[in-house]
1. Say whether the condition of being assigned to a helix (DSSP H, G or I), modelled with pLDDT of 70 or more and either out of contact with any strand residue (DSSP E or B) (no Cβ under 7 Å at 6 or more places or on another chain) or over 29 Å from Pro22 (Cα atoms) (or both) is met by at least one residue in region 246-261.
2. Can you tell me which of Ala123, Ala130, Ala141 is crowded, with 18+ Cβ neighbours inside 10 Å and either assigned to a loop (DSSP other than H, G, I, E, B) or touching a His at 6+ places or on another chain (Cβ under 9 Å) (or both)?
3. Exactly one condition in (1) over 20 Å from Leu63 (Cα atoms); (2) loosely packed, with under 13 Cβ neighbours inside 10 Å is not met by Gly109; state its number.
4. Report yes if some residue within region 204-226 is closer than 24 Å to Ala123 by Cα, loosely packed, with under 15 Cβ neighbours inside 10 Å, modelled with pLDDT of 85 or more and not aliphatic (A, V, I, L, M); otherwise report no.
5. Among Ser96, Ser154, which is the only one that is under 22 Å from the mean Cα position of the chain (by Cα) and either surrounded by fewer than 17 Cβ atoms within 10 Å (Cβ to Cβ) or modelled with pLDDT of 95 or more (or both)?
6. If you scan region 36-83, which residues turn out to be modelled with pLDDT under 90, part of a loop (DSSP other than H, G, I, E, B) and either polar (S, T, N, Q) or surrounded by fewer than 19 Cβ atoms within 10 Å (Cβ to Cβ) (or both)?
7. With the structure loaded, tell me whether Ala196 is touching a strand residue (DSSP E or B) at 6+ places or on another chain (Cβ under 8 Å), crowded, with 16+ Cβ neighbours inside 10 Å, of a type outside the set (S, T, N, Q) and in contact (Cβ under 8 Å) with a residue 24 or more places away in the chain or whether it fails that test.
8. Sort through Arg95, Arg105, Arg110, Arg90 and tell me the only one that's basic (Lys, Arg) and within 16 Å of Ala200 (Cα to Cα).
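The values are calculated or read from the model by the stated rules, or taken from the named source; none is laboratory data. Model, not experiment: these values are computed from the prediction. Glycine also receives a Cβ, built like all others from the backbone with ideal geometry; neighbour counts cover every protein chain displayed.
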Amino acid sequence: MYRFLLTPRWWGINVFVLLAIPFCLFMGSWQLGRFEERMDNHRSAGEQAETAKHEPARPLDELLPVDKETSGRQTTATGQYGRQLLVPGRKLDDRSGYYVLTLLRTDDGRALPVVRGWLPGDADAAKAPAAPRGEVTVTGALQASETPGSNGVSTTGGLPEGQTGAISAASLVNLVPYDVYDAWITLTKGDSGMKAVPAAAPQDTGLDLKAFQNLGYTGEWFVFAGFVVFMWFRLLRREVEFVRDAELGLVDGEEPAPEAGRARETAAS
């Protein structure tokens, strides 16, 4: 009765099933591994941020360029404050406000963006405290340049004079007449009564949308594997029924058309 499994048509079906199921299981396992990797990175980033709070600050040049290992580390830099900008649309403790960002001009001629603190409400230059004059040494958590559209960074353009949407060398280089570090720091203690901005976790280390997409794709691939098995058994049962009907003389022995098979299934039900 099962000799039809040796026909070219069924050879093709069986080969497809034997290849599709391992492929779906492999892809599902890979997506699950990606999710677990993001979970581990999220856990490690949290532990690193907690450890960094108690580590002694290191000179800025020793921690550049910023990567997952140096992001959040305490660093120090010396220079004189220059241009001050506001970064609107930033939330802290579920309240809307803005960052006060001041460029610290160092001895090498470049400027380090320093977030001196956070203020509630709409961005207002009149309310932002002026930066200290003269040479200062600042201490804060090192951060990588922001990317618009990630980690809550706005993609809105056309901001008023004196404001920027993202803290990055690419956006600031057009606003100041000097070179800018491809990094920034947030002060450990807020300046002039402002609230300190906590360091953000490095990109691709949190439980963000991508992590849960990996988890969703895991389920989809395993469902696909189950669907392949289900369809194979359904085709097998249909073929067996056709062969049995042919042996009983109920059909002419030709392979059933899909419409005929569905009609017979409907009548049987």
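1. yes
2. Just a single option satisfies the conditions, and that option is Ala123.
3. Every listed condition holds for Gly109 apart from (1).
4. No, there is no match, as no residue in region 204-226 is closer than 24 Å to Ala123 by Cα, loosely packed, with under 15 Cβ neighbours inside 10 Å, modelled with pLDDT of 85 or more and not aliphatic (A, V, I, L, M).
5. None of the others qualify; the one that does is Ser154.
6. Lys53, His54, Glu55, Pro56, Asp67, Lys68, Glu69, Thr70, Ser71
7. Yes.
8. Result of the check over Arg95, Arg105, Arg110, Arg90: Arg90.
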